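The values are calculated or read from the model by the stated rules, or taken from the named source; none is laboratory data. Just so it is clear, the structure is predicted and the values come from calculations on it, not from any experiment. A quick note on method: Cβ atoms are made from the backbone with ideal geometry, for glycine too, and the neighbour counts reach across all protein chains shown.
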């Protein structure tokens, strides 16, 4: 009988801090999706490796403020809320508010969908 390797999310959960697990449980209870930053980074790497060059921004990001674009750029680069907060000198709560507004304004399902839009619109490009 062959053993299967654990899914990336399972390895995230095994290594996660209690506070991160509690936050993830609350997010799921609120109907949101949860992906560990490490999983998001792997998804970005896969997306970049298998995607055509991004099309120029066709106005899809026009509803966003300049600060929301800054946050979306860092989300698309795979940064966690804490990392975004540190980079932009904001509180994590403010970052979460910006992300929620980005998702609502662009009619996105979750953070992963936001990453895809960041690449599709040319907001970020593969390095």
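In the range 99-125, the residues that are at negative phi and exposed (fewer than 14 other Cβ atoms within 10 Å of the Cβ) reach residues that are assigned to a helix (DSSP H, G or I) and at pLDDT below 90 with C-beta atoms within less than 9 angstrom, at least six apart or across chains, in these pairs: 125/48; 125/119. The helices (runs of 4 or more DSSP H) found wholly in the range 1-115 and carrying at least 1 residues that are modelled with pLDDT under 75 occupy 8-15, 18-29, 37-50.
Listed conditions (1) over 17 Å from residue 34 (Cα atoms); (2) surrounded by fewer than 17 Cβ atoms within 10 Å (Cβ to Cβ); (3) under 13 Å from the mean Cα position of the chain (by Cα) are all met by residue 94, apart from (3).
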